[in-house]
Amino acid sequence: MGANDGDRTRAVHAGLPDVEQGAPFLPGPTFAAPYHLKGDPYEADLVYGRYGNPTWTRYEQALGELEGGHAVLFASGMAAVTAALLPRLRSGDTLVLPSDCYHGVRKVAETFLAERGVELRLVPTPDPGFADAIDGATLVWLETPTNPGLEVCDLRLLIERAHAAGALVGVDNTFATPLGQLPLELGADFVMASASKALTGHADLILGYLAARDSALADEFRAWRTETGAVPGPFETWLAHRSLATLGVRFEAACVTAQALAERLAARDDVQAVRYPGLPDDPSHAIAGKQMKLFGSIVCFTLDDADRAERFLSECRLLKDATSFGGVVTTAERRARWRGDDVPEGFIRLSVGCEATEDVIADIEHALDASAVSVSSR
């Protein structure tokens, strides 16, 4: 790819092999447990299916090209999280992470690290004291925008503070994707993302990855994957690589709709606390504008209570009530039902899909109007 190619062009061509007469643009998945092997196994490229697969290699190359580092693919986003945290932290080490980050990450830290003597410092992302909590840290985990609250932290500032303290920095970039934000370019040591979301985009795959600036760190992640067996399936990987070609089209379209929807929601009197980094009056807008290329496909807002939120979701025609996000179908959920996030009972996390902007907005406004009538008529 050319150095000046746009992100959509890069996503289409990332990881594709050189042109070969009569060959497909993207070769199909390689299914193998053992490979043919003679002689010294340490001199062979492919030995056993848990150690490597050419389908993984192509997709990892693609992700590395987009992230600006060396990518390692895992069976899920949480498998990638554990590969980044568990082998690096020992008794006496200190982990700093946002108290409002994805609850699965917090659960791993509280369940598997704290009981082994790792000090946990959980600080809300917007807390002015977050930078001070970094002093003495071994590893700093950042998530921006956060899931589900869409808080944004100043990556350059916190990464510089962490490196000055001698800490390693990882960034969960799932919401933004490498088309929306490049943490490695901003100085992070590694980035994590759930590829189950916008990267693959069709709500049919579970994958995750880590990408590191330093190839030696990537090798450590890869060694953990090999020894623990957190390996992705070749068919899922091939589907993910195939889906990557449309990431730019899908994500850019969703971001346009998300911006328009956030503006419409912010203008309604019956919707509170609309959050979207692209809104000029959003608390995170100034920082997001400095480090994000696209503001993402997630919009959050709060309705009066749980009953109103559930009525809203049931009144939607196009929008589907489901967890997860980043797919071509617009989805939303009342996030408090999981009981893992400090959000109001009527808090809605909405993931914009690829439907026409006007259709998404019309569906959501109809559902808001209908749910308001239902409540007021009781």
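What is the number of the single condition among (1) modelled with pLDDT of 95 or more; (2) surrounded by fewer than 20 Cβ atoms within 10 Å (Cβ to Cβ) that Gly346 does not meet?
(2)
Does region 6-35 hold any residues that are under 24 Å from Glu236 (Cβ atoms), open to solvent by 100 Å² or more (accessible area, probe 1.4 Å) and free of Cβ contacts under 8 Å to residues at least 24 places away in the same chain, and which are they?
Phe25
Could you pull out every one of the strands (runs of 3 or more DSSP E) wholly within region 149-248 that has 3 or more residues that are not small (Gly, Ala, Ser)? Give the derivation first.
On the way: elements: 168-172, 190-194, 208-212.
Output list reads 168-172, 190-194.
Taking the condition in contact with a helix residue (DSSP H, G or I) (Cβ under 8 Å, 6 or more places away or on another chain), among the aromatic types (Phe, Trp, Tyr) and either surrounded by fewer than 18 Cβ atoms within 10 Å (Cβ to Cβ) or over 23 Å from Gln291 (Cα atoms) (or both), does Phe221 pass?
Judged against the criteria, Phe221 is a match.
Pairs under 6 Å by beta carbon, first residue free of Cβ contacts under 8 Å to residues at least 60 places away in the same chain in region 201-214, partner of a type in the set (Ser, Thr, Tyr), six or more apart or different chains?
Once the first residue is free of Cβ contacts under 8 Å to residues at least 60 places away in the same chain and sits in region 201-214, its partners that are of a type in the set (Ser, Thr, Tyr) give Leu205/Ser196.
Return only the number of the condition from (1) under 15 Å from Gly170 (Cα atoms); (2) open to solvent by 40 Å² or more (accessible area, probe 1.4 Å) that Ala84 does not satisfy.
All conditions pass for Ala84, except number (2).
When residues of region 36-60 are filtered for being free of Cβ contacts under 8 Å to residues at least 12 places away in the same chain and either touching a strand residue (DSSP E or B) at 6+ places or on another chain (Cβ under 7 Å) or part of a loop (DSSP other than H, G, I, E, B) (or both), how many remain?
8
Collect the residues in region 173-232 that are basic (Lys, Arg) and over 14 Å from the mean Cα position of the chain (by Cα), keeping them in residue-number order. Write out each step before concluding.
So in region 173-232, the residues basic (Lys, Arg) come out as 197, 213, 222, 225.
Within region 173-232, Arg213, Arg222, Arg225 qualify.
Filter region 287-314 down to the residues that are among the acidic types (Asp, Glu) and over 19 Å from Ala262 (Cα atoms), then identify the one that is surrounded by the fewest Cβ atoms within 10 Å (Cβ to Cβ).
By that ranking, first place goes to Asp305.
Going through Ala288, Ala336, Ala262 one at a time, which residue ends up being farther than 22 Å from Leu205 by Cβ, among the aliphatic types (A, V, I, L, M), at pLDDT below 95 and under 21 Å from the mean Cα position of the chain (by Cα)?
Ala336
The values are calculated or read from the model by the stated rules, or taken from the named source; none is laboratory data. These numbers were taken from a predicted model, which means no experiment stands behind them. In this analysis, Cβ positions are derived from the backbone assuming ideal geometry, glycine residues included, and neighbour counts consider all displayed protein chains. Keep in mind that these areas ignore ligands, DNA and RNA; they rest on the heavy atoms of the full protein, side chains included. Shrake-Rupley method; radii C 1.70, N 1.55, O 1.52, S 1.80 Å.
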